[in-house]
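Working notes, structure below.
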Amino acid sequence: MDAIANVASLVRDLPLNSKQVSRADAEEAVRTLIRWAGDDPGREGLSETPTRVLRAYREWFGGYRQDPALHLLRTFKEVGDYNEAILLRDIPFRSVCEHHMAPITGVAHISYLPQGQVVGISKLARVVDSIARRLQIQERLTSEIAGIVYSVLKPRGVAVAVEAADARRPQTGYCYGDI
């Protein structure tokens with residue numbers, strides 16, 4: 001378990017990506033957007049906004065600094081003859097639409113047929129959270145969750161359903177994926 005914690009802490013401290021923009025350039029981009037919207041980024045209520053936006057983005061997009069597969073490495077092999085589907089429903093998540101950078105909110109449902117090992121169900125929720133904390137579309141979110149569960153746990157099958165809506169179009173879209 002210590003090795004997993006060490007890798008997780010190293011990944012958590014990585015920059016968002018290898019082509020990371022400087023903090024100063026990112027803050028200036030926020031100031032530019034404020035000006036574009038028609039306001040003065042230097043006025044009292046907005047002067048600290050660029051710094052706040054970067055802190056928020058670091059949290060919202062923290063999934064780029066995580067390997068979701070790490071959440072599934074600690075398994076339990078003493079499952080007896082258990083061979084029924086394991087289902088975790090209504091896993092809440094927040095993400096950001098990659099097309100409009102609008103907030104997405106929804107729930108994911110994950111089911112898998114274990115094959116000799118199971119994982120604590122809270123770990124499935126952590127996988128959803130770390131994948132959702134990236135610019136996303138529902139279809140890829142669904143596929144990535146299923147793929148990671150399948151590749152790490154090696155179950156007989158995986159099914160994932162995601163129900164979500166974005167701020168621009170509040171209707172709920174449904175995506176299903178299985179392996």
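Observations
- Stokes-Einstein diffusion coefficient of region 38-179, Kirkwood radius over Cα pairs, 37 °C, 0.692 mPa s, in µm²/s: 200
- Loop-located trypsin sites (Lys or Arg not before Pro) in region 35-113 whose Cβ has at most 10 other Cβ within 10 Å (DSSP): Arg43, Lys77
- Local net charge near Val162, Cβ-Cβ under 11 Å (Lys/Arg +1, Asp/Glu -1): -2
- Charged neighbours of Thr75, selected by a Cβ distance under 13 Å, balance to +3 (K, R count +1; D, E count -1).
- Computed 3J(HN,Hα) for region 145-153, one whole-Hz value per residue from the Karplus formula 6.51 cos²θ - 1.76 cosθ + 1.60 where θ = phi - 60°, is 4, 4, x, 5, 4, 5, 5, 8, 7, glycine and proline marked x.
- Leading residue at positive end of dipole, region 48-179 (Cβ point charges), from Ile110, Val127, Ala85: Val127
- Cβ-based net charge around Val119, under 14 Å, with every Lys or Arg adding one and every Asp or Glu removing one: +4
- Relative contact order, whole percent, for region 43-140 stands at 38, derived from Cα pairs under 8 Å and 6 or more residues apart.
Read-outs: derived from the displayed coordinates by stated rules, not from any lab. Nothing here was measured: the structure is a model prediction, and the numbers come from that model. Positions of Cβ are backbone-derived with ideal geometry, glycine not excepted, and every protein chain shown enters the neighbour counts.
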